[in-house]
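The block underneath contains the structure these notes are about, expressed in structure tokens.
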Amino acid sequence: MKVSSLPLRYSGWMTRDVVLSLGLIMAGIVALTVFGMSRVEFTVTAATSRTIATQLLRQTLLPLVLVATAGLVSSDLSRGYYRSWFSRPVSPPLFYLQRWIIAGAAVLAYVPAVSLAIATRSGAIRVSGDHLAKAGLLYLLLGGTVFLLSTLTRRDWLLAALLYGTEVVLHFIQRSGAGLGAVGRLVYAILPPYHVASIERPVPAGSDLWAALGWGVGLVLAALAVLRWRPLGSGGRA
């Protein structure tokens, strides 16, 4: 691959866009967390800090992943921006992969930022490796789904959210012992295992971990394959 096809020249602009969109949202949440912690009247211990972080991440990580990846490719296709981006010899798959990775780095940075906000009251920064691992898994699975769907439709984040909700509900029904039925079992079997990235669950291990990683990597590779072999703007995507 020629050096000229690498999208590194755009990395600074991509980072700036992430900071001015997703970054501002995360900064707002962190600021509100600092304000809220300044108002609590109980002693914040290490265990309490983890509980607060878990609950905050449970409520905010999923929408942040959707914000980070929504319209990743589809917004450029619908607005025709891709004609400008690729007027130079730049690889479209690498261009959008770089954008996806930068947004993912921002999502991961949000986890220690939350810990830092809580530490303003607890007095000690405790970044949970479990929280980081599950944030990474969620981004890989759900962010990978949005990435793939974004190469095909402008309703990428909405469809990804529906797939996520469907899989989580089916998993809950299965664990409760209620029957899913033939159709439910089939749908559950073909959906990515989003439930393993739940912030309240233990970090998956063994076959569960490999299945999650395989699904996530497969989704990203599928998105790159569409970008590589399907001409941009074809099929009514532009």
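Name the pairs whose Cβ atoms lie under 6 Å apart, with the first residue in the range 24-45 and under 17 Å from residue 125 (Cα atoms), the second of a type outside the set (Gly, Ala, Ser) and part of a loop (DSSP other than H, G, I, E, B), and 6 or more positions between them or separate chains?
none
Would you be able to tell me the number of residues in the range 186-213 that are surrounded by fewer than 13 Cβ atoms within 10 Å (Cβ to Cβ), assigned to a helix (DSSP H, G or I) and not hydroxyl-bearing (Ser, Thr, Tyr)?
5
Sort out which residues of the range 109-118 are crowded, with 19+ Cβ neighbours inside 10 Å and either of a type outside the set (Gly, Ala, Ser) or more than 24 Å from the chain's Cα centre (by Cα) (or both), and write them in order of number.
110, 111, 114, 118
Could you look through the range 61-99, keep only residues that are touching a Lys or Arg at 6+ places or on another chain (Cβ under 7 Å) and of a type in the set (A, V, I, L, M), and pick out the one that is modelled with the highest pLDDT?
The extreme case among them is 72.
Could you go through the range 123-138 and let me know if any residue there is part of a helix (DSSP H, G or I) and within 12 Å of residue 192 (Cβ to Cβ).
The answer is yes; a qualifying residue exists.
The values are calculated or read from the model by the stated rules, or taken from the named source; none is laboratory data. Nothing here was measured: the structure is a model prediction, and the numbers come from that model. Reconstructed Cβ throughout: ideal geometry from the backbone, glycine too, with neighbour counts over all protein chains shown.
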